[in-house]
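Structure in structure tokens, see below.
The values are calculated or read from the model by the stated rules, or taken from the named source; none is laboratory data. As the structure is a computational prediction, the values presented were derived from the model and not from experiment. Virtual Cβ from ideal backbone geometry, glycine too; neighbours counted across all protein chains shown.
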Amino acid sequence: MIVSPSLLAANFADLKSDIDMINRSEADWLHFDVMDGVFVPNISFGFPVLKAVSKICKKKLDVHLMIEEPGKFTAQFKELGTYMMTVHYEACPHLHRTIQQIHEAGMKAGVALNPHTPVCLLEDIVRDVDMVLLMTVNPGFGGQKFIEHSIDKVRELRKMIERTGSKALIQVDGGVNGETGKRLAEAGVDVLVAGSYVFGAPDALDRVAELKAM
């Protein structure tokens, strides 16, 4: 299992210590939730924080853009060393073009779906993306309860990927813990994003290792 701890749940008063912990852990990526207060009802952090973190983080940068017009910022995220740039289906009226821009910039391209958005809408784009992120809570805030229907969406997406020959990974974000993580893994998930379950744990290194073993 690929594990991508979410920076949103880190201690921003001592961010370097949390990044050092992630560097020592078995985590594969570090997940950035970038929010603009327009696409989602919250604001997280912007380029100054990402630039500072990118200088000390040894893990691949997994950037999830919960913003309007994400294609405008492709070059900036590439400059910060972003590995995976994920944009929302709901925020991109010209999604194929945005995916092309991300690839042309030299990054992996992901597409995210909100809980209410059906998987079937990805039929014409799933072959072109490197990852599909299924939101398992409503985007904008951490610590929400896992939406049960997400398990069915994972299974449906896994069938679509196999049927179309897509190479896309399946990532989930929201309410991931020891119990939901196991169920998601069994349903076909490749990448687990976990925030408070990792950063709020007495031993975050053990929590990452637990998720990694799923």
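Return the residues of the range 1-17 that are β-branched (Val, Ile, Thr) and either crowded, with 21+ Cβ neighbours inside 10 Å or within 9 Å of LYS59 (Cβ to Cβ) (or both); say none if nothing qualifies.
Within the range 1-17, just VAL3 meets the criteria.
Give the residues of the range 18-40 that are crowded, with 16+ Cβ neighbours inside 10 Å, part of a loop (DSSP other than H, G, I, E, B) and of a type in the set (Asp, Glu), sorted by residue number. Before the answer, list the steps.
Within the range 18-40, the subset crowded, with 16+ Cβ neighbours inside 10 Å is 18-19, 21-22, 25, 27-36, 39-40.
Now drop any that are not part of a loop (DSSP other than H, G, I, E, B), which leaves 25, 27-28, 39-40.
Hit for the range 18-40 is ASP28, nothing else.
Could you count how many residues in the range 115-133 are surrounded by 18 or more Cβ atoms within 10 Å (Cβ to Cβ), farther than 13 Å from ARG158 by Cα and in contact with a His (Cβ under 9 Å, 6 or more places away or on another chain)? Walk me through how you get there before you give the answer.
The initial filter retains those residues of the range 115-133 that are surrounded by 18 or more Cβ atoms within 10 Å (Cβ to Cβ), namely 119, 122, 125-126, 129-133.
Those left that are additionally farther than 13 Å from ARG158 by Cα: 125, 129-130.
Subset that is in contact with a His (Cβ under 9 Å, 6 or more places away or on another chain): 125, 130.
So the count comes out to 2.
Please determine, by comparing only the residues of the range 168-207 that are surrounded by 17 or more Cβ atoms within 10 Å (Cβ to Cβ) and acidic (Asp, Glu), which one is farthest from LEU30 (Cα to Cα).
ASP190
Anything in the range 23-65 that is more than 22 Å from ALA112 (Cβ to Cβ) and in contact with a Cys (Cβ under 8 Å, 6 or more places away or on another chain)? List them, or say none. Let's see the steps before the verdict.
Our first condition is that a residue be more than 22 Å from ALA112 (Cβ to Cβ); within the range 23-65, this holds for 23-26, 48, 51-52, 55-56, 58.
Within the range 23-65, just ASN23 meets the criteria.
Now for a different question. Testing ALA112 on (1) of a type outside the set (Phe, Trp, Tyr); (2) within 16 Å of SER4 (Cβ to Cβ); (3) outside any loop (DSSP other than H, G, I, E, B); (4) over 14 Å from the mean Cα position of the chain (by Cα), one condition comes back false. Which one is that?
Only one criterion in (1) of a type outside the set (Phe, Trp, Tyr); (2) within 16 Å of SER4 (Cβ to Cβ); (3) outside any loop (DSSP other than H, G, I, E, B); (4) over 14 Å from the mean Cα position of the chain (by Cα) is unmet by ALA112, namely (4).
Something else about it: Looking only at the range 17-33, how many residues end up being among the small types (Gly, Ala, Ser) and closer than 17 Å to SER44 by Cα?
First pass over the range 17-33, keeping only residues among the small types (Gly, Ala, Ser): 17, 25, 27.
Next, only the ones that are closer than 17 Å to SER44 by Cα stay: none.
Matching residues across the range 17-33 total 0.
Here is a yes/no grid of residues against (1) touching a helix residue (DSSP H, G or I) at 6+ places or on another chain (Cβ under 9 Å); (2) buried (at least 16 other Cβ atoms within 10 Å of the Cβ); (3) among the hydroxyl-bearing types (Ser, Thr, Tyr); (4) farther than 18 Å from ILE99 by Cα:
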residue: VAL53; (1), (2), (3), (4): yes, yes, no, yes
residue: ILE56; (1), (2), (3), (4): yes, no, no, yes
residue: ASP62; (1), (2), (3), (4): no, yes, no, no
residue: PRO70; (1), (2), (3), (4): yes, yes, no, no
residue: THR74; (1), (2), (3), (4): yes, yes, yes, no
residue: GLU79; (1), (2), (3), (4): yes, no, no, no
residue: TYR89; (1), (2), (3), (4): yes, yes, yes, no
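If GLU26 satisfies all but one of (1) out of contact with any helix residue (DSSP H, G or I) (no Cβ under 7 Å at 6 or more places or on another chain); (2) under 21 Å from GLY200 (Cα atoms), what's the number of the condition it fails?
With (1) out of contact with any helix residue (DSSP H, G or I) (no Cβ under 7 Å at 6 or more places or on another chain); (2) under 21 Å from GLY200 (Cα atoms) applied to GLU26, the lone miss is (1).
Can I ask one more? Exactly one of these conditions fails for ALA75: (1) over 21 Å from ALA194 (Cβ atoms); (2) of a type outside the set (D, E, K, R); (3) under 17 Å from the mean Cα position of the chain (by Cα). Give me its number.
ALA75 satisfies every listed condition except (3).
Considering only the range 1-17, state which residues are aliphatic (A, V, I, L, M) and either farther than 17 Å from LEU169 by Cα or not in a strand (DSSP E or B) (or both). Steps first, please.
Just the residues of the range 1-17 that are aliphatic (A, V, I, L, M), to begin with: 1-3, 7-10, 13, 15.
Within the range 1-17, MET1, LEU7, LEU8, ALA9, ALA10, ALA13, LEU15 qualify.
For the range 128-160, which positions are assigned to a loop (DSSP other than H, G, I, E, B) and of a type in the set (A, V, I, L, M, F, W, C)? Walk me through how you get there before you give the answer.
Taking the range 128-160 and keeping what is assigned to a loop (DSSP other than H, G, I, E, B), we get 129-130, 136-149.
Result: VAL129, VAL137, PHE141, PHE146, ILE147.
If I filter the range 101-114 for residues that are surrounded by fewer than 17 Cβ atoms within 10 Å (Cβ to Cβ), in contact with a strand residue (DSSP E or B) (Cβ under 7 Å, 6 or more places away or on another chain) and modelled with pLDDT under 95, do I get at least one hit?
Scanning the range 101-114, I find no residue that is surrounded by fewer than 17 Cβ atoms within 10 Å (Cβ to Cβ), in contact with a strand residue (DSSP E or B) (Cβ under 7 Å, 6 or more places away or on another chain) and modelled with pLDDT under 95, so the answer is no.
Given the criterion over 18 Å from ASP33 (Cα atoms), at pLDDT below 95 and not hydrophobic (A, V, I, L, M, F, W, C), identify the matching residue among GLU148, GLU123, GLU162.
Numbers: GLU123 fails: at pLDDT below 95; GLU162 fails: at pLDDT below 95.
Going through GLU148, GLU123, GLU162 in turn, just one is over 18 Å from ASP33 (Cα atoms), at pLDDT below 95 and not hydrophobic (A, V, I, L, M, F, W, C): GLU148.
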